1. With unit charges on the beta carbon (Lys/Arg positive, Asp/Glu negative), name the residue among SER396, SER359, GLY438 whose Cα is farthest towards the positive pole of the charge dipole of segment 323-499.
2. If packing is taken as the mean number of other Cβ atoms within 10 Å per residue, what is the order of 28-34, 279-285, highest first?
3. Once you order the gyration tensor axes a ≥ b ≥ c over the Cα atoms, which shape class does segment 394-500 get: rounded for a/c under 1.5, otherwise prolate or oblate by comparing a/b with b/c?
4. Label points 7 Å out from Cα along the Cβ direction at ALA174 and ALA469: separation in nm?
5. Using the Cα centre of segment 323-499 as the reference point, and only Cβ charges (+1 on K/R, -1 on D/E), how large is the resulting charge dipole? Debye, rounded to the nearest 20.
6. Just check segment 141-253 against the gyration tensor rule for me: Cα atoms, a ≥ b ≥ c as the square roots of the eigenvalues, rounded for a/c under 1.5, and otherwise prolate or oblate depending on whether a/b exceeds b/c.
7. Just give me a number: lysine pairs in the chain, eight or more positions apart or cross-chain, with C-alpha atoms less than 29 Å apart.
8. Can you pull the three principal axis extents for the Cα set of segment 323-499, in Å, largest first?
Amino acid sequence: MRAISALGAAGLIAGSLAVAGPAQAAAAPDIPLANVKAHLTQLQAIATANGGNRAHGRPGYLASVTYVKGLLDAAGYTTTQQSFTYGGATGYNLIADWPGGDTGDTLMVGAHLDSVTAGPGINDNGSGSAGNLEVALQVARSGLQPDRHLRFAWWGAEEQGLRGSTAYVNSLTAAQKANIGAYLNFDMIGSPNPGYFLYDGDNSDNTGSGPGPAGSAEIEAVLAGYFTSIGVPTRGTDFDGRSDYGPFIAAGIPAGGIFTGAEGTKTAAQVALWGGTTTRFDPCYHAACDTTANINDTALDRNSDAIANAVWTLSSASTGGGTTVWSDGLETATGWTNGSTDTATSGLFERGNPAATSSSGVATQLDAAAGGSYALVTGAAAGASAGANDLDGGISTITSPAITLPSGGTLTLGLSWYLAHLNNATSADYLRIRVVSGSTTTTLLTQTASAANKAAVWTTATANLTPYAGQSVRIQVEAADAGTASLVEAAVDNLVITSS
């Protein structure tokens, strides 16, 4: 990862949309930790044999490219070694395409392969390179035939300022850029004192540079959903331009990824969340000691599996849509009902035409639905003040009429949503989307609040309903003002279930 003066990780907060339980897409294979570590051992040996590093313009970097390329060629990938020049030296990107899939909707997965000159770069970024390599090899071993075209990339000269990935994006025509539906970036996934950070695609942290291009929130949700499924909490990290997602988001391509921390110091709150110590996430960042001894095996294992899950999920989530099974744009009343045991005292969910509300310059309720005029909203009327008709006093739910799902195909729920709050909110406040099947209610999507101002912005999300194929289900929307005196507003619109 390219260095900056300070990471600012202490300011990172919760709040990313999370997919959980049966919403998880078809299971990806477990990525053997031993295989990922074997790649790291090879990269360490290459550095040791080539002056102690794998840096741009040095023989250790080209040897690293040759190692990765040889494995991918043998596995059946079509590889391209793209050259570029920076600082008087020739650099190389390695691009690997898996045959098949819709080339008009390509999922790219990337990591930078170069190190700094000071050391072998095993965590930064042998870890992301090795994790991606083993996932790519597992794609080949399993014979995966995704809907989307799948392309992996290993970038050169990231440590000199994202030179390789920038050269690649700049080499594309407008049509070729448009054909990339999403880019996943994995840079430092095995830090010895790790955090579990996801790039903040939806700007739910409400800090820094804002959300990624449309579609970035869905990438974050898929990654968050995997970590939720294994009981590991995550936090957001800003699209601050430090890694190779930079030129992709500048081109309007949705992006996301995982990061375990660099030179920043883990806070006491983060230690309570993830364990470890109140020291640097990676004490050997950009140093000679960034060797195979500088890896946390648990983090490397979890993150490699998370990469595989994202690749399997997103490569089968073609943006081509599918057959609509059920939809509700809420422009007419279709029979949504409030919960009989709700505890909220005001601002209950209703199908309504929302009126704009704001407080201290923060828009807490939008005056427009995501589509048309109506949405499911907590207290549609504006009232005398921002707090007059907001959700108060507990939980409010609203549930759809019964939906009969077909017995075949991949079933996907899509919707638009927002959860707005002021800095008097807490992590006890939330928006949830649930599926009710018989007497069982399961959470599909969760967005939690935090003690920060978060303006209302319509965002899209998806969840996998395939486990409920052939069943009669209901979709339930639930929001809670469970904190003390929180100002919370929530809304949902444009619900659709498709089969593909």
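Computed from the coordinates by the stated procedures, all read-outs in this text should not be read as laboratory data. Keep in mind the model is a prediction, meaning the values are calculated, not measured. Note that each Cβ is placed from the backbone with ideal geometry, even for glycine, and that neighbours are counted across all protein chains shown.
1. Positive-end residue among those listed: GLY438.
2. Numbers: 28-34: 16.0, 279-285: 21.1.
Most protected by this proxy first, the peptides run 279-285, 28-34.
3. Numbers: a/c = 2.98, a/b = 2.04, b/c = 1.46.
Prolate shape, in that a/c is at least 1.5 and a/b is the bigger ratio.
4. Here the modelled spin labels are 4.1 nm apart.
5. Numbers: 5 positive and 12 negative charges, 80 e Å.
The calculation lands at about 380 debye.
6. Numbers: a/c = 1.44, a/b = 1.24, b/c = 1.17.
Cα axes put segment 141-253 in the rounded bin.
7. Counting lysine pairs in the chain gives 4.
8. So the three principal-axis extents are 49, 30, 26 Å.
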